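Data first, discussion second: the structure below is written as structure tokens.
The values are calculated or read from the model by the stated rules, or taken from the named source; none is laboratory data. Predicted model only: the values in this text are computed from it and were never measured. Note that each Cβ is placed from the backbone with ideal geometry, even for glycine, and that neighbours are counted across all protein chains shown. In case anyone asks, the SASA skips ligands and DNA or RNA and just uses the protein heavy atoms, side chains included. Shrake-Rupley method; radii C 1.70, N 1.55, O 1.52, S 1.80 Å.
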Amino acid sequence: MEDSKNNKPVIYQCNGANCRKKKGKRLEYYIKKYNLKGKIEVDKMDCNDRCQQAPVLHLHPSDIWFSEKDLGTIFKRYILNKK
């Protein structure tokens, strides 16, 4: 579940027009809520044509694509339970 370079999970956040327009804020909220600053990386990615799910996120290296509305479940299942 962790990136081999730095042992941190990485969440890629879509930087496409539709995702930027929806202004996802939950990612920042969950990082603060679960005190994950410095324990998880967040990076921008180009649009991947998943606009109907905007704002779109991708968990690496688990290769899980999800919408921000599913972020709580993803955090609990794939990030918090792995620590």
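Would you point out the residue of region 3-17, among those that are open to solvent by 60 Å² or more (accessible area, probe 1.4 Å) and outside any loop (DSSP other than H, G, I, E, B), that is modelled with the lowest pLDDT?
ALA17
Residues checked against (1) under 12 Å from the mean Cα position of the chain (by Cα); (2) assigned to a helix (DSSP H, G or I); (3) in contact (Cβ under 8 Å) with a residue 24 or more places away in the chain:
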site: ASP49; (1), (2), (3): no, no, no
site: GLN52; (1), (2), (3): no, yes, no
site: LEU59; (1), (2), (3): yes, no, yes
site: LYS76; (1), (2), (3): no, yes, no
site: ILE79; (1), (2), (3): yes, yes, yes
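When you scan region 48-83, how many residues do you find that are hydroxyl-bearing (Ser, Thr, Tyr) and within 11 Å of ILE11 (Cβ to Cβ)? Before the answer, list the steps.
The first filter runs over region 48-83 and keeps only residues hydroxyl-bearing (Ser, Thr, Tyr), leaving 62, 67, 73, 78.
When the remaining residues are screened for being within 11 Å of ILE11 (Cβ to Cβ), the result is 62, 78.
Of the residues in region 48-83, 2 are hydroxyl-bearing (Ser, Thr, Tyr) and within 11 Å of ILE11 (Cβ to Cβ).
Of all the residues that make up region 17-41, how many are over 17 Å from LYS76 (Cα atoms) and of a type outside the set (Lys, Arg)?
The first filter runs over region 17-41 and keeps only residues over 17 Å from LYS76 (Cα atoms), leaving 17-25, 38.
The next check asks that each one be of a type outside the set (Lys, Arg); those that pass are 17-19, 24, 38.
So the answer is 5.
When only residues in region 24-47 that are under 18 Å from LYS8 (Cα atoms) and in contact (Cβ under 8 Å) with a residue 40 or more places away in the chain count, which is most open to solvent (accessible area, probe 1.4 Å)? So that I can check it myself, show each step before the final result.
Taking region 24-47 first, the residues under 18 Å from LYS8 (Cα atoms) are 27-28, 30-45.
In the following step, the residues that additionally are in contact (Cβ under 8 Å) with a residue 40 or more places away in the chain were identified as 27, 30, 34, 36, 39.
Values: LEU27: 7, TYR30: 40, TYR34: 57, LEU36: 6, LYS39: 94 Å².
The selected residue is LYS39.
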